[in-house]
1. Do any trypsin sites (Lys or Arg not before Pro) in the range 476-521 lie in a loop, going by DSSP, with at most 11 other beta-carbon atoms within 10 Å of their beta carbon, and if so which?
2. Just the number, please: carbon plus sulfur as a percent of the accessible area of the range 216-263, 1.4 Å probe, no ligands or DNA/RNA counted.
3. I'd like the projected area of the chain, averaged over all directions, using the convex hull of its alpha carbons. Report it in nm² with one decimal.
4. For the range 668-753, just the Cα set please: Rg and Dmax, both in angstrom.
5. Counting helices only, and only those DSSP H runs with n ≥ 4, report the 222 nm mean residue ellipticity of the chain as the sum of -39,500 (n - 2.57) divided by its residues, in deg cm²/dmol to the nearest 500.
6. Using the heavy atoms of the protein chains alone and a 1.4 angstrom probe, what is the accessible area of the chain per residue in square angstrom?
7. Taking a ≥ b ≥ c as the square roots of the Cα gyration tensor eigenvalues, with a/c under 1.5 meaning rounded and otherwise prolate when a/b beats b/c, else oblate, which class fits the range 383-481?
8. Near residue 444, within a Cβ-to-Cβ distance under 13 Å, what is the net charge of the other residues, with Lys and Arg +1 and Asp and Glu -1?
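The values are calculated or read from the model by the stated rules, or taken from the named source; none is laboratory data. Please read these numbers as outputs of a predicted model, since none were measured by experiment. Virtual Cβ from ideal backbone geometry, glycine too; neighbours counted across all protein chains shown. Just so you know, the surface numbers come from the protein's heavy atoms only, side chains and all, with ligands and any DNA or RNA stripped out. Shrake-Rupley method; radii C 1.70, N 1.55, O 1.52, S 1.80 Å.
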Amino acid sequence: MNEMKLWYTRPASNWSQGLPIGNGRLGAMIYGGVKHETWSLTEVTYWSGKAEPIRGHSNSRADLDQMREHFFAGDYRRGDELAKQSLQPEKGNFGTNLSMCDVQLAFDDHGDQLVRELRIDKACTWTSYQSNGHTRTREVWASHADGIVGSRLSSEQPGGLSLTIGILGRTDRFTATLSGNDTLVFEGQAVESMHSNGECGVRCQGVLKVIANGGSVSAVGDQIRIEDADDVVIYLAANTDYGSSDNEWMLESARQVDDAMAKGYERLREDHVADYQSLYDRVHLDLGVTDQSDLPTDERIQLFLKGQDDDPHLFALFYQYGRYLTIAGSRADSPLPLNLQGIWNDGEANRMQWSCDYHLDINTQMNYFPTEVSNLAECHLPLIRYIEQLAESGRAAAKHFYGCEGWVAHVFSNAWGFASPGWETSWGLNVTGGLWIATHLREHYDFGLDSSFLAETAYPVLKDAALFFLDYMTVHPKYGWLVTGPSNSPENSFYINDPLRSEYQLSMGSTLDQVLVRDLFVFCLEASEHLQVDVELQRKLKQAIGMLPPLMIGRRGQLQEWLEDYEEAQPDHRHFAHLFSLYPGNQITPEGTPELSTAARVTLVNRMEREALEDVEFTLAAFAANFARLQDGENAYKHLTHLIGKLCFDNLLTFSKAGIAGAETNIFVIDGNFGGTAAIAEMLLQSHAGGIHLLPALPAKWDTGMVTGLRAKGNAEVDVTWADGQLVEATIRAFSPGRVLLRYQDCKVEIALEPDYTYHIDSTLCVKLI
C-alpha cells in the first residue's frame, strides 16, 4: 500500500490518538469510536491575555555599560545581579492560546469492524464501521475555501442514524444555547489565570447547524437530538474578536453557515479538496513499500519503537504529514502563524509555566523550516506578517530596555507581538530571538527571489534589526571584537573557572548571537548594494563585519557555544543553538570549512552519546537535519527513526517527554513534525551553499525512490530519481536566471539557468535542455 493516509482499527480514546484537521485558522482534533466522537475545536487567535506595555527598570546606556564591565572583568555574579535589576520585567498578562470547545457526538449505535482514517491527499477524516450488518460512515474536514468545518454522517441502512450533539466549553466563560431545534450558538472568552489575570482574553462566537435527511430533529435540553435519519450534514463556523474594532465579527459565523447551506455539501467538499490539493500536489515522495506499509499506523510506529524500521513508506508518510499540517495550520491569509502546538491545542502546555505561545529560540522557527523547500511558500506568509508586527512592537523593547534604535525581541512572544525579555534572565535574555525568527524573511527571499518582497519587506525589517545591533553591540576590551551581551545561549548554562564552580547563563558574545548578527549584517550589506540604497549604512556594516568574532573550536574539539571555552554545566541539554551555523545557517559546510564541520560533528556526537540526553522532539529533529548537512545520511536516518518510534503519539504528532522543562506529562509539541519533515527534505536536496546538491545524505535503507517538486534556493524546482543508492536522473525547472553549481557525490558541474526552461540531468550530471 502506497497511500498517504493515517489509519487505525481501534477507537481513539483521547486527544493524542485523534486526527487533526484545519483550515489555517480553525483546527479540530477528531477522536472517538463507534458510540462517541469528539471534535476538539481550536482557533489560532483564541488567546488569553492582552496587549500591554512592558517596561524595563532602566534603559540607561550607563546601566548597560556597568553590567558589561562586570562580565568583562569576570565578575559574573555581580553582572548577573545588575542584569536582573534592569532587564527582568514583570510577567503581566502575557497569555496563551487556549482550546475553544468540544463538539460531542453520542450515537445510539453498536458496531464493529471500526476503521478510522486521515486521508492526507484529501485533507479529511473518515470513519467507518458495521452496525447490524450495515455500513455507517463519517467524514469531517475543515475548509479553507469557505471557512467552515463540514461533516457528513451516512448510513447504508435507511433511518440508521440516531445521535445527540452538544458543545462543551473549554474555558470558564463559555455558553452554548439552542436556536430552534437544529442550531447551536456558542460564545466564550479565552480566560485563565496561569499566564494572565483570569479576566482578559479574546472572545469567540460560533454556530453549529445540523441538516438531517429523513428522521427527526429536536431539542433535548441544550443538545440537538437526531433520530432515524438516513444521513446528517453538520456545518460549524467560529470566529473571534482578535484585531476587530467593532462587533461585525459576531455576524461572521452565521453568514458562513448560511453560505455553506446555499452552496451545498458536495460543492463545498469539492472546493475544499481542490483548494487543498493546489498546494499538496506540488510535491510527491516515493521511498518504496514493504509488508509493514500495509499495517495500521499505530502498529507501524510500535515496530519502529522495537527497532523494526523496514518501512521506508512511513518516512514518506511522516514527510507528507508535515506538509499536510503546514497547509492545515498556516495559509496565506491566516491571522497568526503556527504556535507551539500549531493551531491545535490539547490543553496541556497552557496549564503549565510554559505556555502555548511563540517560542523564539528554535520552536517557532522549526515550524517553518520545511515550508520553502517543500514548495509551500504561501504558507510562510502568516509568519512573515507576524515578524513585521514583532518588529514594530520590538522598537519599544529596544528603547525601553537598552536605549537603542531599531528593534529587538527575545525568547518568546504572544498574539500581540510581545518583544521584551522573559521574566527570568536565566532563560529570558536571549537578545537574538527576534533576529532568529526574522531570518525567515531572508529564506523566503532566497527561495523566491521576489525583488518587491526584498525591497518592501525583508530589507526594511532586517535593516532596522541591523540598526539595533550596530547601536547595541560593544567592543570586547580583551579581544577587540564587536560582541553582544549580556545574553543567553538559549536555555543553556556554563561553569566559570572559580573555586565555587559557579553556574551561570549570561555572558558576552555567545556564539548564536554572533552567527545571527554576521548573517544579518552580510544580508543587509548585499541587499542594500543590490537595491542601491543606504550607502552610509553599507560603510558601517562593512566595518562591523570586520570586527565580529570568528567561530572557534574548544579544547575538547567541539564548536564553542560561548566566546570563552566554558565548561558546559548541562552537556546533555536539549538545546545546541550555536549549531545554527551549520543548520539552518551555512557558515559551516563540509567543503568550505572542514575543520569547523569536524567540530560541529564533535558537538553533535558529544550530545547524542550522553546517557542523560534530554530526549525531546525538536532535539531529535535538529540532530537529523544537522547530520544531513554533514552529509551523514545514516546518522540522520537514525535520529528520524528515533523521533518517529519514540517521540510520536499514535497519531504521528510529536511530543516532549514528561520531566523536560517542567512538563508533567508527555505534551504535544508540533515542531518535531516540521523539523523531521525538513530533515527528510534536507537528506534529498540541499541548496544552502550557492548551489544544488542532489541526494547529499541518502541513507542505505532508502536505496530506491523518487521525489518531485522540491524547491531550491534561486527560484527553481527539482525532481530526483534514484535506484540502488545511485542517482538515475534529475530535472531542474528554473523560474529565474542564475548560475548554480550542481553537485552529486564528487561530481560537480556549473549550469547557467534561464527562466521558464527545464534541464534534464543524467546520472553523470550531463545536462540537457528540454
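1. 478, 501
2. That share works out to 43 percent.
3. 32.4 nm²
4. 13.5, 45
5. Only helices count here, giving -9500 deg cm²/dmol.
6. That works out to 35 Å² for each residue.
7. Because a/c hits 1.5 or more and a/b fails to exceed b/c, the range 383-481 counts as oblate.
8. With Lys, Arg at +1 and Asp, Glu at -1, the neighbours total -3.
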